[in-house]
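K.L.:
Have a look at this one.
The values are calculated or read from the model by the stated rules, or taken from the named source; none is laboratory data. Model, not experiment: these values are computed from the prediction. For neighbour counting, all protein chains shown are included, and Cβ atoms are generated from backbone atoms with ideal geometry for every residue, glycine included. SASA here: full protein model, heavy atoms, side chains in, ligands and nucleic acids out. Shrake-Rupley method; radii C 1.70, N 1.55, O 1.52, S 1.80 Å.
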Amino acid sequence: LLRLDLGGICFLIMGSGYPLIYYPFACKPTFFARNFFFLLITTACLGVFSMVMTPKFNQPQYRPIRSTMFVILGLSMTIPLIYLKFYA
């Protein structure tokens with residue numbers, strides 16, 4: 001159940017990030033940036049999800065790697081927001 005909980009958190013982060021990226025780019029012709037950020041978040045989420053669901057990474061010695069992957073997932077969510085703040 002712990003693995004499913006962490007996988008659910010991963011998909012909730014991804015699902016909450018899509019509207020934050022889609023709506024600010026909706027009226028601007030910056031399709032490359034929007035699609036790049038979608039790809040970034042989706043790739044990070046699928047990477048964390050596949051790592052969390054692998055039984056090997058649920059051992060205590062892999063806990064720092066798992067937490068680093070969740071930090072990377074969070075950063076993949078903040079990079080589009082920083083781009084929107086300064087460049088859009």
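K.L.:
For LYS56 and LEU2, what is the calculated FRET efficiency with R₀ set at 25 Å and r taken between the beta-carbons, to the nearest 0.05?
P.N.:
0.95
K.L.:
Turning to a different aspect of this structure: Using a probe radius of 1.4 Å on heavy atoms only, what accessible surface per residue do you get for the chain? Whole Å² is fine.
P.N.:
Accessible area per residue: 66 Å².
K.L.:
Nearest 20 debye, what's the magnitude of the dipole of the chain about its Cα centre given +1 on Lys and Arg Cβ and -1 on Asp and Glu Cβ?
P.N.:
Computed about the Cα centre, the dipole is about 100 debye.
K.L.:
Also: With percent of Cα pairs over 22 Å apart defined as stated, name the option among (i) 18; (ii) 31; (iii) 27 computed from the structure displayed.
P.N.:
Step by step, percent of Cα pairs over 22 Å apart for this structure corresponds to label (ii).
K.L.:
Can you work out the FRET efficiency for the pair TYR87 and SER67, with r the C-beta to C-beta distance and R0 = 35 Å, to the nearest 0.05?
P.N.:
E between TYR87 and SER67, to the nearest 0.05, is 0.70.
K.L.:
If you don't mind, another one. Which percent of the accessible area of the chain is formed by carbon and sulfur heavy atoms (probe 1.4 angstrom)?
P.N.:
Roughly 74 percent of what the probe reaches on the chain is carbon or sulfur.
K.L.:
Continuing with the same structure: For the chain, what does -39500 (n - 2.57) per DSSP helix run (n ≥ 4), summed and divided by total residues, give at 222 nm, in deg cm²/dmol to the nearest 500? Could the numbers behind the result be given before it?
P.N.:
Values: 3 runs with 68 residues, N = 88.
Theoretical 222 nm ellipticity from helices: -27000 deg cm²/dmol.
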